[in-house]
1. For the range 63-74, give me each residue that is open to solvent by 20 Å² or more (accessible area, probe 1.4 Å) and in contact (Cβ under 8 Å) with a residue 24 or more places away in the chain.
2. Filter the range 83-96 down to residues that are open to solvent by less than 40 Å² (accessible area, probe 1.4 Å) and under 10 Å from the mean Cα position of the chain (by Cα) and give me whichever is nearest to residue 10 (Cα to Cα).
3. What's the number of the condition residue 30 fails, among (1) on the phi < 0 side of the Ramachandran plot; (2) modelled with pLDDT of 95 or more; (3) not aliphatic (A, V, I, L, M)?
4. Restricting to the range 2-39, count the residues that are under 17 Å from residue 108 (Cβ atoms) and either part of a loop (DSSP other than H, G, I, E, B) or open to solvent by less than 30 Å² (accessible area, probe 1.4 Å) (or both).
5. Please enumerate the residues belonging to the range 42-54 that are at pLDDT 95 or above, open to solvent by 50 Å² or more (accessible area, probe 1.4 Å) and of a type outside the set (Asp, Glu).
6. Look through the range 43-53, keep the residues that are in contact (Cβ under 8 Å) with a residue 12 or more places away in the chain and not in a strand (DSSP E or B), and return whichever of them is farthest from residue 71 (Cα to Cα).
7. Quick check on the range 57-67. Is at least one of its residues in contact with a strand residue (DSSP E or B) (Cβ under 7 Å, 6 or more places away or on another chain) and closer than 21 Å to residue 2 by Cα?
Amino acid sequence: VQLQASGGGLVQTGGSLRLSCAASGRTFSGYTIAWFRQAPGKEREFVVAISGGGGSTFYADSVKGRFTISRDNAKNTVYLQMNSLKPEDTAVYYCAADPVWRRRVGVPSEYSYWGQGTQVTVSS
């Protein structure tokens, strides 16, 4: 499966952005999709994951209550709605996919496919 992330940009503190991860492939609904982010000089950090059918989600504590993940399998797209953005949310955001909902859902090495990143910058 090929992934294309988009929707990043520059926003002020407290603002909102919606990222999209568009995927190719006819079996998109069978894939767990996750968002990770990486700030300069830092390791890649798990943000959130959603199961293939959308029935299971898992959020990092740092974004719980502010970010919402959803998916439209008819459009082969996963969305990440980001509200109440903070400067510490500044990073390159990546979407990743795997055909299995892993026990270690927050570990980057558990994902087989990655999209290119989209930059999110939150100004203070």
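1. Going residue by residue through the range 63-74, those that are open to solvent by 20 Å² or more (accessible area, probe 1.4 Å) are 64-66, 68, 70-74.
Hits for the range 63-74 are 71, 73.
2. Filtering the range 83-96 for residues that are open to solvent by less than 40 Å² (accessible area, probe 1.4 Å) and under 10 Å from the mean Cα position of the chain (by Cα), the one nearest to residue 10 (Cα to Cα) comes out as 93.
3. (2)
4. Initial filter on the range 2-39 (under 17 Å from residue 108 (Cβ atoms)): 3, 5, 21, 31-39.
With either part of a loop (DSSP other than H, G, I, E, B) or open to solvent by less than 30 Å² (accessible area, probe 1.4 Å) (or both) added as a condition, the list becomes 3, 5, 21, 31-37, 39.
Residues that pass the stated criteria total 11.
5. 42, 44, listed by residue number.
6. To start, the set of residues in the range 43-53 that are in contact (Cβ under 8 Å) with a residue 12 or more places away in the chain comprises 44-53.
Filter once more, keeping what is not in a strand (DSSP E or B): 44, 51-53.
Values: 44: 23, 51: 9, 52: 9, 53: 8 Å.
Out of the qualifying residues, it is 44.
7. No.
Okay, residues lined up against (1) touching a His at 6+ places or on another chain (Cβ under 9 Å); (2) among the polar types (S, T, N, Q); (3) not in a loop (DSSP other than H, G, I, E, B):
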residue: 69; (1), (2), (3): no, no, yes
residue: 75; (1), (2), (3): no, no, no
residue: 78; (1), (2), (3): no, no, yes
residue: 81; (1), (2), (3): no, yes, yes
residue: 88; (1), (2), (3): no, no, yes
residue: 93; (1), (2), (3): no, no, yes
residue: 100; (1), (2), (3): no, no, no
residue: 104; (1), (2), (3): no, no, no
residue: 109; (1), (2), (3): no, yes, yes
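The values are calculated or read from the model by the stated rules, or taken from the named source; none is laboratory data. Quantities reported herein were computed from a predicted structural model and do not represent experimental measurements. Please note: Cβ atoms are built from the backbone with ideal geometry, for glycine as well, and neighbour counts cover all protein chains shown. Ligands, DNA and RNA are stripped out before the accessible areas are found, and what is left, the full protein with its side chains, is counted by its heavy atoms. Shrake-Rupley method; radii C 1.70, N 1.55, O 1.52, S 1.80 Å.
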